[in-house]
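Reviewing the structure listed below.
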Amino acid sequence: MTRARILGRRILASVFSICLLLVTADAALAAKPAASIPADKLIQPAEVAAMLKNDAAARTLILQVGFKSMFDQAHIPGSEYAGPGNTGAGLQVLRDRVATLAKESPILIYCGCCPWSRCPNMAAAYDALVELGFTNIRAMIINDNFGTDWVDKGYPTTRP
(Lines give C-alpha, C1' and ligand atoms only; values in the text may rest on other atoms or scores of the structure.)
Protein backbone atom coordinates (compact mmCIF):
# COMPACT_ATOMS: atom_id res chain seq x y z
CA MET A 1 0.00 0.00 0.00
CA THR A 2 1.39 3.43 -0.87
CA ARG A 3 2.17 6.09 1.70
CA ALA A 4 -0.42 8.43 0.17
CA ARG A 5 -3.10 5.79 0.50
CA ILE A 6 -2.20 5.07 4.13
CA LEU A 7 -2.20 8.79 4.93
CA GLY A 8 -5.57 9.18 3.21
CA ARG A 9 -7.08 6.38 5.29
CA ARG A 10 -5.70 7.88 8.50
CA ILE A 11 -7.16 11.26 7.64
CA LEU A 12 -10.52 9.68 6.81
CA ALA A 13 -10.48 7.74 10.10
CA SER A 14 -9.62 10.93 12.01
CA VAL A 15 -12.44 12.88 10.38
CA PHE A 16 -14.87 10.06 11.15
CA SER A 17 -13.72 9.95 14.79
CA ILE A 18 -14.15 13.72 15.18
CA CYS A 19 -17.65 13.58 13.69
CA LEU A 20 -18.61 10.72 15.99
CA LEU A 21 -17.24 12.62 18.97
CA LEU A 22 -19.24 15.74 18.06
CA VAL A 23 -22.47 13.77 17.66
CA THR A 24 -21.88 11.99 20.97
CA ALA A 25 -21.08 15.27 22.76
CA ASP A 26 -24.27 16.88 21.40
CA ALA A 27 -26.35 13.93 22.62
CA ALA A 28 -24.68 14.01 26.04
CA LEU A 29 -25.27 17.75 26.36
CA ALA A 30 -28.95 17.38 25.50
CA ALA A 31 -29.38 14.51 27.96
CA LYS A 32 -28.35 16.51 31.05
CA PRO A 33 -31.29 16.88 33.46
CA ALA A 34 -32.89 20.23 34.28
CA ALA A 35 -32.21 19.46 37.93
CA SER A 36 -28.53 20.13 37.22
CA ILE A 37 -29.25 23.88 37.06
CA PRO A 38 -28.13 25.44 40.38
CA ALA A 39 -31.02 26.07 42.78
CA ASP A 40 -30.06 29.72 43.25
CA LYS A 41 -30.62 30.27 39.51
CA LEU A 42 -34.19 28.97 39.55
CA ILE A 43 -37.27 31.17 39.61
CA GLN A 44 -40.89 30.16 40.14
CA PRO A 45 -43.67 31.06 37.66
CA ALA A 46 -45.40 33.30 40.23
CA GLU A 47 -42.19 35.34 40.59
CA VAL A 48 -41.93 35.75 36.82
CA ALA A 49 -45.58 36.80 36.59
CA ALA A 50 -44.93 39.45 39.28
CA MET A 51 -41.80 40.57 37.43
CA LEU A 52 -43.91 41.20 34.32
CA LYS A 53 -45.84 43.83 36.26
CA ASN A 54 -42.78 46.03 36.84
CA ASP A 55 -39.88 47.32 34.80
CA ALA A 56 -37.66 44.32 35.58
CA ALA A 57 -39.32 42.46 32.71
CA ALA A 58 -38.42 45.24 30.28
CA ARG A 59 -34.75 44.85 31.19
CA THR A 60 -34.78 41.04 31.07
CA LEU A 61 -34.48 39.04 27.88
CA ILE A 62 -37.02 36.22 28.21
CA LEU A 63 -36.30 33.24 25.97
CA GLN A 64 -38.37 30.14 25.38
CA VAL A 65 -35.93 27.28 24.77
CA GLY A 66 -38.50 24.56 24.10
CA PHE A 67 -40.32 23.53 20.98
CA LYS A 68 -41.56 26.03 18.39
CA SER A 69 -45.06 24.51 18.24
CA MET A 70 -45.50 25.22 21.97
CA PHE A 71 -44.26 28.80 21.61
CA ASP A 72 -46.68 29.33 18.73
CA GLN A 73 -49.61 28.12 20.88
CA ALA A 74 -48.89 30.27 23.94
CA HIS A 75 -45.95 32.07 25.48
CA ILE A 76 -44.96 34.69 28.02
CA PRO A 77 -45.61 38.21 26.68
CA GLY A 78 -42.41 39.74 25.34
CA SER A 79 -40.58 36.43 25.25
CA GLU A 80 -38.75 35.25 22.16
CA TYR A 81 -38.34 31.81 20.71
CA ALA A 82 -34.69 30.75 20.93
CA GLY A 83 -34.66 27.21 19.55
CA PRO A 84 -34.95 23.91 21.42
CA GLY A 85 -32.10 23.36 23.83
CA ASN A 86 -31.93 19.67 23.05
CA THR A 87 -30.40 20.09 19.57
CA GLY A 88 -27.22 21.60 18.27
CA ALA A 89 -29.22 23.71 15.81
CA GLY A 90 -31.48 24.98 18.60
CA LEU A 91 -28.51 25.91 20.76
CA GLN A 92 -27.04 27.79 17.82
CA VAL A 93 -30.24 29.85 17.54
CA LEU A 94 -29.80 30.67 21.25
CA ARG A 95 -26.13 31.58 20.80
CA ASP A 96 -26.93 33.78 17.82
CA ARG A 97 -29.66 35.60 19.74
CA VAL A 98 -27.41 36.51 22.67
CA ALA A 99 -24.23 37.14 20.68
CA THR A 100 -24.39 40.93 20.94
CA LEU A 101 -25.51 41.16 24.57
CA ALA A 102 -23.33 42.27 27.46
CA LYS A 103 -22.34 39.27 29.60
CA GLU A 104 -24.13 40.73 32.65
CA SER A 105 -27.45 41.15 30.79
CA PRO A 106 -30.39 39.60 32.64
CA ILE A 107 -31.66 36.53 30.79
CA LEU A 108 -34.57 34.32 31.80
CA ILE A 109 -35.08 30.97 30.07
CA TYR A 110 -38.10 28.70 30.20
CA CYS A 111 -39.46 25.65 28.40
CA GLY A 112 -42.54 23.92 29.79
CA CYS A 113 -42.68 21.06 27.31
CA CYS A 114 -43.04 18.45 30.01
CA PRO A 115 -42.37 17.85 33.70
CA TRP A 116 -39.18 19.50 34.98
CA SER A 117 -37.66 16.12 35.80
CA ARG A 118 -37.86 15.08 32.13
CA CYS A 119 -37.21 18.39 30.33
CA PRO A 120 -34.64 17.83 27.57
CA ASN A 121 -34.08 21.54 26.84
CA MET A 122 -33.35 23.58 29.96
CA ALA A 123 -29.99 22.27 31.18
CA ALA A 124 -28.38 22.42 27.75
CA ALA A 125 -29.64 25.96 27.15
CA TYR A 126 -28.52 27.08 30.62
CA ASP A 127 -25.09 25.50 30.17
CA ALA A 128 -24.66 27.11 26.74
CA LEU A 129 -25.30 30.55 28.24
CA VAL A 130 -22.86 29.89 31.09
CA GLU A 131 -20.21 28.70 28.61
CA LEU A 132 -20.68 31.96 26.69
CA GLY A 133 -19.86 33.86 29.88
CA PHE A 134 -23.31 35.11 30.89
CA THR A 135 -23.57 35.76 34.61
CA ASN A 136 -27.17 36.87 35.17
CA ILE A 137 -29.19 33.86 34.02
CA ARG A 138 -32.41 32.64 35.64
CA ALA A 139 -34.30 29.49 34.72
CA MET A 140 -38.04 29.28 35.32
CA ILE A 141 -38.87 25.96 36.90
CA ILE A 142 -42.03 24.46 35.48
CA ASN A 143 -43.10 21.43 37.47
CA ASP A 144 -45.62 19.91 35.04
CA ASN A 145 -45.92 21.89 31.79
CA PHE A 146 -46.46 25.45 30.56
CA GLY A 147 -50.22 24.99 30.26
CA THR A 148 -50.69 23.78 33.83
CA ASP A 149 -48.05 25.89 35.56
CA TRP A 150 -48.55 29.15 33.66
CA VAL A 151 -51.61 29.43 31.40
CA ASP A 152 -54.10 27.67 33.71
CA LYS A 153 -52.98 29.87 36.63
CA GLY A 154 -54.04 32.96 34.73
CA TYR A 155 -50.56 34.42 34.31
CA PRO A 156 -50.11 36.81 31.37
CA THR A 157 -50.06 34.84 28.13
CA THR A 158 -49.70 35.73 24.48
CA ARG A 159 -51.66 33.53 22.09
CA PRO A 160 -52.06 33.75 18.31
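The values are calculated or read from the model by the stated rules, or taken from the named source; none is laboratory data. If you're wondering where the values come from, they're calculated on a predicted model, not measured in any experiment. Backbone-built Cβ (ideal geometry, glycine too); neighbour counts: all protein chains shown.
Side notes on the structure shown:
- If you filter region 30-70 down to residues that are in a helix (DSSP H, G or I) and touching a Ser or Thr at 6+ places or on another chain (Cβ under 8 Å), you find that the one that is modelled with the lowest pLDDT is ALA30.
A quick yes/no check of all residues on (1) touching a helix residue (DSSP H, G or I) at 6+ places or on another chain (Cβ under 9 Å); (2) among the small types (Gly, Ala, Ser); (3) at pLDDT 95 or above:
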| site | (1), (2), (3) |
| --- | --- |
| GLY90 | yes, yes, yes |
| VAL98 | yes, no, yes |
| GLU104 | no, no, yes |
| LEU108 | yes, no, yes |
| MET140 | yes, no, yes |
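- Considering residues of region 113-138 that are of a type in the set (Gly, Ala, Ser) and within 11 Å of the chain's Cα centre (by Cα) only, the residue nearest to GLN64 (Cα to Cα): ALA125
- Residues satisfying the stated conditions in region 88-121, i.e. of a type in the set (Lys, Arg) and assigned to a loop (DSSP other than H, G, I, E, B): LYS103
- None of LEU132, LEU91, LEU101 is more than 18 Å from ALA50 (Cβ to Cβ), in the same structural domain as GLU47 (by TED's automatic domain parsing) and crowded, with 21+ Cβ neighbours inside 10 Å except LEU91.
- Residues of region 117-160 that are closer than 20 Å to GLY90 by Cα and small (Gly, Ala, Ser): ALA123, ALA124, ALA125, ALA128, GLY133, ALA139.
- Residue in region 77-87 that is out of contact with any Ser or Thr (no Cβ under 6 Å at 6 or more places or on another chain), assigned to a helix (DSSP H, G or I) and surrounded by fewer than 14 Cβ atoms within 10 Å (Cβ to Cβ) present: no
Conditions (1) under 19 Å from ALA34 (Cα atoms); (2) not aliphatic (A, V, I, L, M), marked per residue:
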site	(1), (2)
LEU52	no, no
MET70	yes, no
ALA74	no, no
SER79	no, yes
LEU91	yes, no
THR100	no, yes
TYR110	yes, yes
PRO120	yes, yes
ALA128	yes, no
